[in-house]
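Colleague: Dropping the structure in here first, questions after.
The values are calculated or read from the model by the stated rules, or taken from the named source; none is laboratory data. Owing to the predicted nature of the structure, the values given are computational and were not obtained by experimental measurement. So basically every Cβ, Gly included, is an ideal-geometry build from the backbone, and we count neighbours across all protein chains shown. Side chains included, ligands, DNA and RNA excluded: accessible areas come from the protein's heavy atoms. Shrake-Rupley method; radii C 1.70, N 1.55, O 1.52, S 1.80 Å.
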There are 4 protein chains.
Amino acid sequence: MSLHLAPGPEGIRSQLFHIIFESDTPGAKAFDLVLIVAILTSVAVILLGSVETYAQRYGDIFLYMEWTLTTAFSIELLVRLYCLERPTVYLKSFYGVVDLIAILPTWLVLLVPGAHALVIVRLLRVLRIFRILRMMEFVGEGQMLLEALKRSSRQILLFFSSILMVVTLFAALMYTIESDEAGFTSIPISIYWAIVSMTTVGYGDIVPVTPLGKSITVILMLLGYSIIAVPTGVFSAQVIRSIREERYSEEACPGCGLDRHEKGARYCLRCGTWLDEFSDDPREKTKEARQDVDTGE
Amino acid sequence: MSLHLAPGPEGIRSQLFHIIFESDTPGAKAFDLVLIVAILTSVAVILLGSVETYAQRYGDIFLYMEWTLTTAFSIELLVRLYCLERPTVYLKSFYGVVDLIAILPTWLVLLVPGAHALVIVRLLRVLRIFRILRMMEFVGEGQMLLEALKRSSRQILLFFSSILMVVTLFAALMYTIESDEAGFTSIPISIYWAIVSMTTVGYGDIVPVTPLGKSITVILMLLGYSIIAVPTGVFSAQVIRSIREERYSEEACPGCGLDRHEKGARYCLRCGTWLDEFSDDPREKTKEARQDVDTGE
Amino acid sequence: MSLHLAPGPEGIRSQLFHIIFESDTPGAKAFDLVLIVAILTSVAVILLGSVETYAQRYGDIFLYMEWTLTTAFSIELLVRLYCLERPTVYLKSFYGVVDLIAILPTWLVLLVPGAHALVIVRLLRVLRIFRILRMMEFVGEGQMLLEALKRSSRQILLFFSSILMVVTLFAALMYTIESDEAGFTSIPISIYWAIVSMTTVGYGDIVPVTPLGKSITVILMLLGYSIIAVPTGVFSAQVIRSIREERYSEEACPGCGLDRHEKGARYCLRCGTWLDEFSDDPREKTKEARQDVDTGE
Amino acid sequence: MSLHLAPGPEGIRSQLFHIIFESDTPGAKAFDLVLIVAILTSVAVILLGSVETYAQRYGDIFLYMEWTLTTAFSIELLVRLYCLERPTVYLKSFYGVVDLIAILPTWLVLLVPGAHALVIVRLLRVLRIFRILRMMEFVGEGQMLLEALKRSSRQILLFFSSILMVVTLFAALMYTIESDEAGFTSIPISIYWAIVSMTTVGYGDIVPVTPLGKSITVILMLLGYSIIAVPTGVFSAQVIRSIREERYSEEACPGCGLDRHEKGARYCLRCGTWLDEFSDDPREKTKEARQDVDTGE
């Protein structure tokens, strides 16, 4: 938009800002693409570097790529901060923290030798992908899902509280019924087993042995199998509601300010005001007609 | 509300009642918080006390905490009963029984030495959390879910009856096909296996071995995988219905007969007729006022 | 209803018919209860009789109960046939066949010694419970579910055809990638594994070993995990539709015969005929009024 | 339709075209049936041929059937191409490629001996079944599902991106917590385990051992168990929308503005206005007729 307006540093800053923070020009799109490739490469290097055989064979290459990418990310962060008017505000935001986390662990290795174990922290750079997703117009979809989640959050919280209570009671029951040999050595372990069973994961590392234990397991499994209908039903209903609300216009009633009318509604459902700006209220016409008749006599 | 009305015992009882049974004052909220921490601590003590290594190391601390908390719960129950006008009615209610169950097993240990095994009964104090949930305005959400469950209960019962019949027949089939070595030693065990497979838990402790057995298992698994759609669909539909009914009133518009108005709608959204029977249409007033002005001139 | 009308055999037949085939009188309800207890007992005897230890200890009791119940069921069937005007038609119906299957295997043991192995056939008597369910007014719920299933049947068939094709291709892929030691000894076995994985059962009896095999498994599992949304979504939509149709009145339009109007609809949506029998069409009034005005001038 | 129009080669080509590419005449239906049996037989031969014991016993029969069917498919493809005016266009289409893939691998064995291993490519002939499905009027259902999938694709893509990020972070966490003995030897293996757990497959080949690892697994399983509600909810909502849109026209009533009429509705169900713009209201005619009678007298 404001390309080549000024040759000075201000113009460069503004150009860099458009390339780095937006995604509507070819340059900005190319930058996004390079960034996403760099992030994925960097994540792949960390993943493959954790495999023994690859680490031994390609260890040097991995180390070289890790440092190259970290340096690139560091420069990118500095440029990012340079573009902004309030860099400290950005550094304290979610994306700023993620950007810092993406590069700090590698630099720390220079200072602290044991810091190489910070593999999880380094992997947090995968969160940077969210930034790209945000730019690729996934915002609407994500926001709709988040809104539906927020609306059903109380019910899902209630659902999980109930599940945890049920699981605790079943676990205590199985702990008293089943012996230690079967693997039910404590109530926390039994809770782990109960959740493995109820969520239908079913590793099979701990399994009921006694007939009574198997009977109770059957009840727990049927419960877990069918109870999944609860969050699914609640969430489905909320998604449907969100989609339906797209059907409501967002214009406010000029009479009372109510802003939730069905698209195509002609009268405000709270104060009865005529909503359509582009045509006249038929009631007015009727009234006028009646008045004409009245005055005509 | 009625704080500091009377300095006598009646005033204290009423104050205690507000703190213990309600949750709208700062005191009552603090009490709720203390109670929920005490319940969770007490549950954690029971859970960790069942772990061999912790029990040996921290056994004394656990015993001390158990007795402290049980004493506190006992005092709380006594105060609760002291506040109420009809304590026996409360003791027979769901929450009264849960309160008793939460403390009785520990006291029983003093009388009966073997009573320490009543670990499940002691864990029932986890149900006390429901009381807190009730206070935290989760009632609406829970009630909506329960209503949807109640509405779909007949269909879900029918669904489970059918599943149990299918499972019994598949189990009998597998019992005749698979040998004892594979683990199918009796029909009840086969039923356990069939439910493990159908609910997609799949422990893997019993597994088909013969090609015919595997073919039948494939059918059972596909059945279980897709049949979950039935309770989910039924429940989703009922939740959607519950949400919709909350939003729509059931009264029809006297003007045009439209019977789908949002609750709180005052004018029919199709023909603009005034919907509220118990008050007058402000438009009428305006018109009358205008007419008064007209005739006044 | 027609109790004690005639003391002759006709009266007895009619009384027996009401008791056995209906469920609205106390006698009929008591009969249903006895029948369901007998069926469940008989099923329990078969199930427990298949457990080695119980068979050895209580074998005689099981045999005695089996014969008693079979005799009772046989007498019941004879009485049933005696009540009916066309017994052969009943015997060829679904319930008639189930009734026969419920007793024949036990009688066959007298003639053929090896027939004792017909355990599955004997268990088919569990299907008799459907009769009871039918009487307990579960018909509506079942019919609604069946209707929703029937409506979504084509889509679900298409879904399963696609799944089987996907599973076959994944199985062939894994058969070529994974070695025999991992358990992928043939394509049919691989198909069994693919269905175990895709339906999220996951026994763990066959498991990918190579990195490539694990990568493909990951895709298969994510596919199976998310694709369940398809039948669930289709079925949910159909249940919602079925429930909504309850909202439609079943009265036909007197003008054109159309029988699908929203409850509360006042005009036929096909021919515009006034639907409400109990009040007059306001259009008529307006017309009359207009005519009055016309003729008045 | 155009049977026996011309005795020349054109007539034969047109006849063959109707039989092979359509499915509305008895001949065409018979051809479809023969084709589907041939495809299924051919797939069965490949599947059973991969089983060691069957291959040894019936190897010759399988080889004979494979060659017979491949020859038949080859002739069919040639005839197909002969019927068409632009055979090369067909060969480049999806079905043309599938047809070629279905026969090429077997012919390749003649030239390249090792080509017998192309078992997966040969199995791709299972895709030919889609052609039959297309003809059996499954198109509408499939299209509806595809449309719903397309509509929810962005949300499902977003869902999977988020899942993969979550899974990567959990995997890295478990890799640092759990030891190599438990099977968490690298992050990619941990990712495999995390997906096995989150999709509730739960093979049990890799299982957490430490208490901390089990606690994190519990969170991952509960997440996977409940998060399935997201794609299910989104897809359900889209299916419902697709079904609804089939039933409602989008034109509003000129009389009262109601915009939710069933397709084929001729009068507004709320105000009785004639909806069809392209023809006249029969009531008008009746009225006119009546007026003609009135004025005629």
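Colleague: Accessible area per residue for the stretch B:198-239 in Å², computed with a 1.4 Å probe and the full protein assembly in place, what is it?
Modeller: 23
Colleague: List, shortest first and in nm to one decimal, how far the label point of B:GLU147 (7 Å from Cα along Cα→Cβ) is from its counterparts in the other copies.
Modeller: Distances between equivalent label points, in nm: 2.4, 2.4, 3.4.
Colleague: Another one. Take the cross-link list A:LYS92/D:LYS214; A:LYS92/D:LYS150; A:LYS29/D:LYS150; B:LYS214/D:LYS150 and give me the ones stretching past 31 Å between alpha-carbons.
Modeller: Beyond 31 Å between Cα atoms: A:LYS92/D:LYS214; A:LYS92/D:LYS150; B:LYS214/D:LYS150.
Colleague: How do B:TYR54, A:TYR95 rank by accessible surface area computed with a 1.4 Å probe, from largest to smallest?
Modeller: Numbers: B:TYR54 85, A:TYR95 45 Å².
Descending accessible area places them as B:TYR54, A:TYR95.
Colleague: With every protein chain left in place, what is the accessible area of B:ASP24 in Å² (1.4 Å probe, nearest 10)?
Modeller: 100
Colleague: Suppose accessible area is computed on protein heavy atoms with a 1.4 Å probe; arrange B:LYS29, C:LYS92 from highest to lowest.
Modeller: Order by accessible area, largest first: C:LYS92, B:LYS29.
Colleague: Same structure, new question: Leaving ligands and nucleic acids out of the surface, order D:ASP205, B:ASP60 by accessible area at 1.4 Å, largest first.
Modeller: Putting D:ASP205, B:ASP60 in descending order of accessible area: B:ASP60, D:ASP205.
Colleague: Return the average number of partner chain Cβ atoms within 10 angstrom of each residue Cβ along peptide D:48-61.
Modeller: For peptide D:48-61, the averaged partner shielding equals 2.
Colleague: Mind grabbing the accessible area of A:LEU158 for me, 1.4 Å probe, Å², rounded to tens?
Modeller: In the full protein context, A:LEU158 sits at about 20 Å².
Colleague: Could I ask something else about it? Give me the compactness ratio for the stretch B:9-137, meaning the Cα radius of gyration over 2.2 N^0.38 Å.
Modeller: The value comes to 1.12.
Colleague: At D:ASP180 and A:LYS29, where each label point lies 7 Å from the Cα along Cα→Cβ, what is the point-to-point distance in nanometres?
Modeller: Distance between the two pseudo-spin positions: 4.8 nm.
Colleague: Let me ask something else. Determine the dipole magnitude for the stretch A:140-241: charges of +1 sit on the beta-carbon of Lys and Arg, -1 on that of Asp and Glu, nothing else is charged, the reference point is the Cα centre, and the result goes in debye to the nearest 20. Don't jump to the answer; show the numbers that get you there.
Modeller: Numbers: 5 positive and 6 negative charges, 108 e Å.
Roughly 520 debye for the stretch A:140-241.
Colleague: Seen from all sides and averaged, what is the projected area of the convex hull of the Cα atoms in the stretch D:140-231, in nm²?
Modeller: 6.5
Colleague: Put a label point 7 Å from Cα along the Cβ direction on A:TRP67, then list its distances to the equivalent points in the other copies in nm, shortest first.
Modeller: Spacings between copies for this position, smallest first, are 6.4, 6.5, 9.1 nm.
Colleague: Let me ask something else about it. Taking 7 Å along the Cα-to-C-beta vector as the label spot, tell me the C:ALA72-A:GLU52 distance in nanometres, rounded to one decimal.
Modeller: 6.6
Colleague: So how compact is the stretch A:30-71: Cα radius of gyration and Dmax in angstrom?
Modeller: 11.1, 35
Colleague: So how far, in whole Å, is the C-alpha centre of the stretch A:144-196 from the one of the stretch B:154-173?
Modeller: Using only Cα atoms, the two centres lie 25 Å from each other.
Colleague: Solvent-accessible area of B:VAL230, probe 1.4 Å, all protein chains present, reported in Å² to the nearest ten, please.
Modeller: Surface open to solvent at B:VAL230 totals about 20 Å².
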